[in-house]
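K.L.:
My questions will all concern the structure given below.
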Amino acid sequence: MKKPPVFTGGEYLLSLPQTKLNIMLKEAAATNHQKISFEDLKREVLADYRMAVASREASLIGRKEVLTGKAKFGIFGDGKELAQIAAAKYMQPGDIRSGYYRDQTLMFATGMSDIEKFFSQLYANPDVQEEPSTGGRMMNGHYGTRWIDENGDWKDLTKAPQSSSDISPTAGQMVRALGMAYASKLYRNVPELKNGFEKFTRNGDEVIFCTIGDASTSEGLFWETINAAGVLRVPLAVFVWDDGYGISVPRRYQTTKNSISQALSGMQWDEETGGVHIETIKGWDYADLMSRIQKGIARIRETHVPTIFHIQEVTQPQGHSTSGSHERYKSKDRLQFEKEMDCIVKMREFIVSNEIADEDTLTQLEEGAKQEAREAKQRAWEKFITPIRAQVQQAATLCNQIVMQGHPSGQDIAAMVQKLTAIKEPIRKDVMQTLYRVIALCRDTNNEATRALRNFYTALQEENNHKFSAFQQSESAYNALKVQEVKPVFTEATLNGYEILNQYFDQLFAANPAVFAFGEDVGKIGDVNQGFAGLQEKYGELRISDTGIREATIVGQGLGMALRGLRPIAEIQYLDYLLYGLQPLSDDVATLQYRTAGGQKCPLIIRTRGHRLEGIWHSGSPMGMILNSIRGMYLCVPRDMVQAAGMYNTLLQSDEPAIVIECLNGYRLKERVPSNLSEFTVPLGIPEVIAEGSDITIVSYGSTLRVIQEAIDNYLAPAGISCEVVDVRTLLPFDLNQVILESLKKTSRVIFIDEDVPGGATAYMYQQVIEIQGGYRYLDATPRTLSAKAHRPAYATDGDYFSKPNAEQIADAVFEVVSE
């Protein structure tokens, strides 16, 4: 076994022999531009050791809290303490973490969290003052700092290290990290960003610290991100914690060559062809970790060349999580290796061998660190349980008042109270269930005592609804639904749809330096439908840029930029290919405001195009899949390009993310041009009646509206059927003012039509209107839906005609409803 280096200096200055400890002294001096004494270094080393011990103790206690039932589940960062302490030392104010659920020591060492907050999250405390990362909404180990204040305004992100909000899907943090690192590149290189963005950057010097478990490097998101980072040349530091396993599956089944650094070696940086730097460091080697990470981060900060730090031989002393023991799948030799090579054991050897501290000093330090963790745990528990016990007491008092008044079910109520108060560690569910059961027994009683109990129950419902369900959308003044409607003022001039968008984007980029657009073919040729034609030459390659074919990281690029104060328009070339980018949209973008309890936001706009054109993968309209995957975002489905421009205007005044799906076959259709193209707004969630009628309400969106109009012109109007056509305009949100219901009250008949599969968005619209809005009360005929066939659309004009609703099918369906 390799012995730690020995340092035997009595005096400590920079003339000492070239041991690792002396190298650390020199590097510390260089970093701080001053000489560092041996005593100073001793204090720092011992402080690091204390931090490692305290973090380990938190992991050990955390597991016990789960196994004894106080917490639901536990996943911890034990075994990674030393490497994370080393990384934390070189994380400067303004730098941002994009990590995963093993990073507790990194969070503690940077001050972005502490052990008490760690336990508050373990107990799922919904108070954001105690658990600021998620307000108790995510399981433990999921971190994030609060970037916006109670008014929804950005805080100054440059005053301290920051952490973006974690998600559980493995490697999901990678694409977000790419985008945040790309923002640093833009802040350094785009002249328009030199003023007005002081809350987000200091000239693009910010490094993004991304962490990932070695097994998760098998995910496609990892490889797509590393490739894109090398191409874009962004300040990204990727730390791979390699403990040899992905849950129970050993590394040899995960990674080619049994080593992620070797598998990536073809990307190794060289001056001629570029690439990424790759460093391999042992996770137990304190001195080497400090030296190599310090140099690597300094290089990233200066050059903006990404670096992968492959941290090898880290351990996982308690196994993957509280779900089971690692003794089930690790050999005796491996378990012995993990004991001997544990980073805390190795650091202790290093300290003793280098005469930094003796055994007695370390024992005392260890006990102090462990006591710190125990006390933090107890404080967190008391803060979690105290308000619940207060609810239990109040519930018992109110229920007992009913018993004392001689209620016929008094004996049963008293038994319920006794059962509730006997619970040693109650939760809010216990209180609510007891109250509901007592209220159920008191349905026929209406006196002061029962009214007090019902009022208490209602108040708790409202409180719990806010604790566990608030912030799915922005609750700030910047909520998109609060944007004032400005109607378009149309001129007599007409242009093709793409020309209107081109004119709009030109005005937008001239007026708003925070706006960037990027995607496949967006830059040089101005997108495949010419919405950005000529604009890259006018505004520069960084404002309007091309990307590789990499939808997931296009989304991640936009997500990270939006997190850092920019207003990206990330283009997915065709709606059919959104599926590649749906994971970060669904798991990260859509959940962000909710999972941080209003602590972070990312006003990302995804621009794409879909619906009718040609063939299986260029005429998709999978709206049901999308709208059921992205709750927390807006889903805009404009019928033409003027409507699209108005929606962009609305979204850019808000702080919320959205997908805008332009009509793929609408770019060369003539539209009237508004004189206030860059000022008018389309209200989200407010349908528009685009044709008035009295016999039937037809509800749709996008390209299908033109087919509906064809059916009306050719068949329905000549037959004397008066159709009211409603364009929903947005599916999320949907008809907030019940415009469709008001139309249904007039016509008493309704049909929902689109190009999605049966049971998709038409079923969603049907439920919203008939069930939720109560439209069934006003029906004189069976409500209908009409969608595309269940299979993907076939190629060419006939394929479109026979795969999707055509004018003749629409006419038949309307005739059936009207004649019923």
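K.L.:
So Ser120 fits all but one of (1) assigned to a helix (DSSP H, G or I); (2) touching a strand residue (DSSP E or B) at 6+ places or on another chain (Cβ under 8 Å); (3) of a type in the set (Ser, Thr, Tyr); what number is the exception?
P.N.:
All conditions pass for Ser120, except number (2).
K.L.:
Same structure, new question: Among the numbered criteria (1) at pLDDT 95 or above; (2) closer than 30 Å to Asn354 by Cβ; (3) of a type in the set (Gly, Ala, Ser), which single criterion is violated by Ala263?
P.N.:
(2)
K.L.:
For Asp754, work out the one condition from (1) under 22 Å from Tyr801 (Cβ atoms); (2) of a type in the set (Asp, Glu); (3) in contact with a Pro (Cβ under 6 Å, 6 or more places away or on another chain) it doesn't fulfil.
P.N.:
Of the numbered conditions (1) under 22 Å from Tyr801 (Cβ atoms); (2) of a type in the set (Asp, Glu); (3) in contact with a Pro (Cβ under 6 Å, 6 or more places away or on another chain), the odd one out for Asp754 is (3).
K.L.:
A further question on this structure: Would a scan of segment 800-808 turn up a residue that is over 17 Å from Arg639 (Cα atoms), part of a strand (DSSP E or B) and at pLDDT 95 or above?
P.N.:
No; the residues of segment 800-808 include none that is over 17 Å from Arg639 (Cα atoms), part of a strand (DSSP E or B) and at pLDDT 95 or above.
K.L.:
Continuing with this model, one more query. Take the conditions assigned to a loop (DSSP other than H, G, I, E, B), of a type in the set (A, V, I, L, M) and within 27 Å of the chain's Cα centre (by Cα) and apply them to Met107. Does it pass? Show your work before the answer.
P.N.:
Working: assigned to a loop (DSSP other than H, G, I, E, B): no; of a type in the set (A, V, I, L, M): yes; within 27 Å of the chain's Cα centre (by Cα): yes.
So Met107 does not fit the description; no.
K.L.:
Of all the residues that make up segment 44-90, how many are outside any helix (DSSP H, G or I) and either in contact with a His (Cβ under 9 Å, 6 or more places away or on another chain) or surrounded by 24 or more Cβ atoms within 10 Å (Cβ to Cβ) (or both)?
P.N.:
Going residue by residue through segment 44-90, those that are outside any helix (DSSP H, G or I) are 68-80, 90.
Right, trim to either in contact with a His (Cβ under 9 Å, 6 or more places away or on another chain) or surrounded by 24 or more Cβ atoms within 10 Å (Cβ to Cβ) (or both) and you get 75-80.
Summing the residues that are outside any helix (DSSP H, G or I) and either in contact with a His (Cβ under 9 Å, 6 or more places away or on another chain) or surrounded by 24 or more Cβ atoms within 10 Å (Cβ to Cβ) (or both) in segment 44-90 gives 6.
K.L.:
Okay, next question. Is it the case that some residue within segment 532-545 is surrounded by 24 or more Cβ atoms within 10 Å (Cβ to Cβ), assigned to a strand (DSSP E or B) and in contact (Cβ under 8 Å) with a residue 24 or more places away in the chain?
P.N.:
Step one: list which residues in segment 532-545 are surrounded by 24 or more Cβ atoms within 10 Å (Cβ to Cβ), which gives 532, 544.
Cutting the leftovers down to assigned to a strand (DSSP E or B) gives us 544.
Subsequent filtering for residues that are in contact (Cβ under 8 Å) with a residue 24 or more places away in the chain retains 544.
Yes, segment 532-545 contains a residue that is surrounded by 24 or more Cβ atoms within 10 Å (Cβ to Cβ), assigned to a strand (DSSP E or B) and in contact (Cβ under 8 Å) with a residue 24 or more places away in the chain.
K.L.:
Could you tell me which of the residues Lys745, Lys789 is assigned to a loop (DSSP other than H, G, I, E, B) and either assigned by TED's automatic domain parsing to the domain that holds Ile698 or at pLDDT 95 or above (or both)? Please lay out each step first, then the result.
P.N.:
Values: Lys745 fails: assigned to a loop (DSSP other than H, G, I, E, B).
One residue alone meets the criteria, Lys789.
K.L.:
Okay, moving on. Can Lys346 be described as assigned to a loop (DSSP other than H, G, I, E, B), assigned by TED's automatic domain parsing to the domain that holds Arg137 and in contact (Cβ under 8 Å) with a residue 60 or more places away in the chain?
P.N.:
No.
K.L.:
Another one. Take the conditions free of Cβ contacts under 8 Å to residues at least 60 places away in the same chain, in the same structural domain as Asp95 (by TED's automatic domain parsing) and not polar (S, T, N, Q) and apply them to Arg252. Does it pass?
P.N.:
Details: free of Cβ contacts under 8 Å to residues at least 60 places away in the same chain: yes; in the same structural domain as Asp95 (by TED's automatic domain parsing): yes; not polar (S, T, N, Q): yes.
In short, yes.
K.L.:
Residues being among the hydroxyl-bearing types (Ser, Thr, Tyr) and either outside any loop (DSSP other than H, G, I, E, B) or touching a Ser or Thr at 6+ places or on another chain (Cβ under 6 Å) (or both): count how many of those fall in segment 546-560.
P.N.:
Quick first cut of segment 546-560, residues among the hydroxyl-bearing types (Ser, Thr, Tyr) only: 547, 553.
Next, only the ones that are either outside any loop (DSSP other than H, G, I, E, B) or touching a Ser or Thr at 6+ places or on another chain (Cβ under 6 Å) (or both) stay: 553.
Qualifying residue count, segment 546-560: 1.
K.L.:
Output yes when any residue across segment 633-640 is touching a residue at least 12 places away in the same chain (Cβ under 8 Å) and in a helix (DSSP H, G or I), and no when none is. Outline the logic, then answer.
P.N.:
Going residue by residue through segment 633-640, those that are touching a residue at least 12 places away in the same chain (Cβ under 8 Å) are 633-640.
If we keep only those that are in a helix (DSSP H, G or I) too, we end up with none.
Looking through segment 633-640, none of the residues is touching a residue at least 12 places away in the same chain (Cβ under 8 Å) and in a helix (DSSP H, G or I).
K.L.:
Quick check on this structure: which one of Glu485, Glu463, Glu475, Glu425 is under 27 Å from Gly531 (Cα atoms) and acidic (Asp, Glu)? Steps first, answer last, please.
P.N.:
On the way: Glu463 fails: under 27 Å from Gly531 (Cα atoms); Glu475 fails: under 27 Å from Gly531 (Cα atoms); Glu425 fails: under 27 Å from Gly531 (Cα atoms).
It is Glu485.
K.L.:
I'm told Glu130 meets every condition in (1) surrounded by 20 or more Cβ atoms within 10 Å (Cβ to Cβ); (2) of a type outside the set (Lys, Arg); (3) assigned to a loop (DSSP other than H, G, I, E, B); (4) in contact with a Ser or Thr (Cβ under 7 Å, 6 or more places away or on another chain) except one. Can you identify the failing condition by its number?
P.N.:
Just one mismatch for Glu130, condition (1).
K.L.:
Something else now. Being more than 14 Å from Trp223 (Cβ to Cβ) and exposed (fewer than 14 other Cβ atoms within 10 Å of the Cβ) is the filter here, so list the residues in segment 252-264 that pass it.
P.N.:
Across segment 252-264, the qualifying residues are Arg252, Tyr253, Lys257, Asn258.
The values are calculated or read from the model by the stated rules, or taken from the named source; none is laboratory data. In this text the structure is predicted, and so the values were computed from the model without any measurement. Glycine also receives a Cβ, built like all others from the backbone with ideal geometry; neighbour counts cover every protein chain displayed.
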